[in-house]
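Below is one structure; the comments refer to it alone.
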Amino acid sequence: MSEDASYELQKLMVQLVRNDGPLTILIEGRFFDHVPRDPATGKVTAKFPYISFGPEQEIQRNAECIPGSDFVFQIDVWSREVGFPETKRICSAVEHALDGEELEIGDNALVSLEYGGRRILRDSDGLSSHGVMTFRAMVEKR
């Protein structure tokens, strides 16, 4: 049985982000699947800035009897620097690290990994800037 394609994509994205020099300097390697929080208060305990995985969607797509899926990933950028400049710099670095890469993911075949866009907003906590980025991956499942 082959590895879950979504999990392989997540491992690849973490590897690409952590191996990107300029991005590593900006976030100091802080890329979370589950952002650390104080269990008693629920408040984020991670040092800012950081990035995290947001929601993901899989859309099944089969072509010529080849099983495949499109995955839409959200990557969130979080900053406590005043204004949006740090959030925008990190978003740009994430885009550069991930967009258009032609890479192997393991058991499944990565057809493409493309940047889908971003939104920059102020978080409801009143302290954080939030970048919401989307990426689309086409995968042939094996």
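The values are calculated or read from the model by the stated rules, or taken from the named source; none is laboratory data. Quantities reported herein were computed from a predicted structural model and do not represent experimental measurements. Note that each Cβ is placed from the backbone with ideal geometry, even for glycine, and that neighbours are counted across all protein chains shown.
Restricted to the stretch 1-31, and to residues that are small (G, A, S) and touching a residue at least 12 places away in the same chain (Cβ under 8 Å), which residue is farthest from K88 (Cα to Cα)?
This residue is S2.
Do you know which of the residues in the stretch 111-142 that are small (G, A, S) and closer than 21 Å to K47 by Cβ is surrounded by the fewest Cβ atoms within 10 Å (Cβ to Cβ)?
This residue is G126.
In the stretch 107-126, how many residues are assigned to a loop (DSSP other than H, G, I, E, B) and either closer than 16 Å to F31 by Cα or in contact with a Phe, Trp or Tyr (Cβ under 9 Å, 6 or more places away or on another chain) (or both)?
Residues that pass the stated criteria total 1.
Take the residues in the stretch 77-133 that are under 20 Å from E56 (Cα atoms) and β-branched (V, I, T), then tell me which one is modelled with the lowest pLDDT.
Among those that are under 20 Å from E56 (Cα atoms) and β-branched (V, I, T), it is I105.
What tally of residues in the stretch 32-52 results from selecting those that are out of contact with any helix residue (DSSP H, G or I) (no Cβ under 7 Å at 6 or more places or on another chain) and within 17 Å of K88 (Cα to Cα)?
Qualifying residue count, the stretch 32-52: 2.
Select from the stretch 64-106 the residues that are under 18 Å from the mean Cα position of the chain (by Cα), among the acidic types (D, E), surrounded by fewer than 16 Cβ atoms within 10 Å (Cβ to Cβ) and not in a strand (DSSP E or B) and list them in ascending order.
D99, E101, E102, E104
Looking at (1) more than 16 Å from F135 (Cα to Cα); (2) in contact with a Leu (Cβ under 8 Å, 6 or more places away or on another chain); (3) among the aromatic types (F, W, Y), which is the only condition F84 fails?
With respect to (1) more than 16 Å from F135 (Cα to Cα); (2) in contact with a Leu (Cβ under 8 Å, 6 or more places away or on another chain); (3) among the aromatic types (F, W, Y), F84 is out only on (2).
With G42, G68, G21, G54 as the choices, which residue is out of contact with any Pro (no Cβ under 7 Å at 6 or more places or on another chain) and at positive phi?
Only one candidate passes the filter, namely G42.
L26 versus (1) assigned to a helix (DSSP H, G or I); (2) over 14 Å from the mean Cα position of the chain (by Cα); (3) surrounded by fewer than 15 Cβ atoms within 10 Å (Cβ to Cβ): which is the lone unmet condition?
Going through the list (1) assigned to a helix (DSSP H, G or I); (2) over 14 Å from the mean Cα position of the chain (by Cα); (3) surrounded by fewer than 15 Cβ atoms within 10 Å (Cβ to Cβ), L26 breaks only (3).
Mind listing just one residue for me: the one in the stretch 51-63 that is in contact with a Gly (Cβ under 9 Å, 6 or more places away or on another chain) and in a strand (DSSP E or B) and, of those, surrounded by the most Cβ atoms within 10 Å (Cβ to Cβ)?
I51
List the pairs whose first member sits in the stretch 109-136 and is over 17 Å from A93 (Cβ atoms) and in contact (Cβ under 8 Å) with a residue 60 or more places away in the chain, whose second member is of a type in the set (F, W, Y) and in a loop (DSSP other than H, G, I, E, B), and whose Cβ atoms are under 9 Å apart, counting only residues at least 6 apart or on separate chains?
So the pair list comes out as S128/F48.
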